[in-house]
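To keep things clear, I will list the structure first and then write my remarks on it.
The values are calculated or read from the model by the stated rules, or taken from the named source; none is laboratory data. Nothing here was measured: the structure is a model prediction, and the numbers come from that model. Note that we place each Cβ from the backbone using ideal geometry, even for glycine, and neighbour counts take in every protein chain shown. We work out accessible area using only protein heavy atoms, side chains counted, and drop any ligands, DNA or RNA first. Shrake-Rupley method; radii C 1.70, N 1.55, O 1.52, S 1.80 Å.
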Amino acid sequence: MSRKNKTKAERQHLSDVAELGCIACRRAGYGETPAEVHHITSGYGMGEERNDMHTIPLCPTHHRTGPDAIHVSPALFVSRFGHELDLLDQTTWDLAELRRQRVGGDA
């Protein structure tokens, strides 16, 4: 959950997500750009605590400051980069690959 006292595993997961770089920038062909984590909002009600394990990497522009940022214009963001649940699936895949590379294996 997105609470102040995160477990070591939650902190590592959030760090790994940010390390991937902005998923929207990669989809747009901009390459790797620094990212912060965006907590998935689909499936959560207003005021409901978000799960730290359900996050995607977005740069500040695609997260909260740009004209097509997910928090500025969700519909425009989805039309350009895809639904956040699809991006979460891609993030999960990318994290598995990142973690495989860290241990030096292919499996």
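Charges at C-beta only: +1 for Lys and Arg, -1 for Asp and Glu. How large is the resulting dipole of the chain about its Cα centre, in Debye rounded to 20? Before the final figure, lay out the partial values.
On the way: 13 positive and 15 negative charges, 61 e Å.
Using Cβ point charges on Lys, Arg, Asp and Glu, the chain gives about 300 debye.
Here the convex hull built on the C-alpha positions of region 10-75 has a volume of 89 cubic angstrom per residue.
Using only protein heavy atoms and a 1.4 Å probe, report how much of residue 63 is accessible, in Å² to the nearest 10. Probe radius 1.4 Å; accessible area of residue 63 about 20 Å². Measuring with a 1.4 angstrom probe and ignoring ligands and nucleic acids, residue 44 comes out at about 60 Å² accessible.
What number comes out for the charge environment of residue 69, summing +1 per Lys or Arg and -1 per Asp or Glu over other residues with Cβ under 13 Å away? Provide the component values of the computation, followed by the final result.
Working: positive: 64, 80; negative: 36, 68, 84.
Within the 13 Å Cβ shell, the charges total -1.
The spacing between region 10-37 and region 56-107, judged by their C-alpha centroids, is 7 Å. Here is the list for region 1-86: GluC sites (Glu not before Pro) lying in DSSP coil, each with at most 14 other C-beta atoms within 10 angstrom of its C-beta, are 32, 48, 49.
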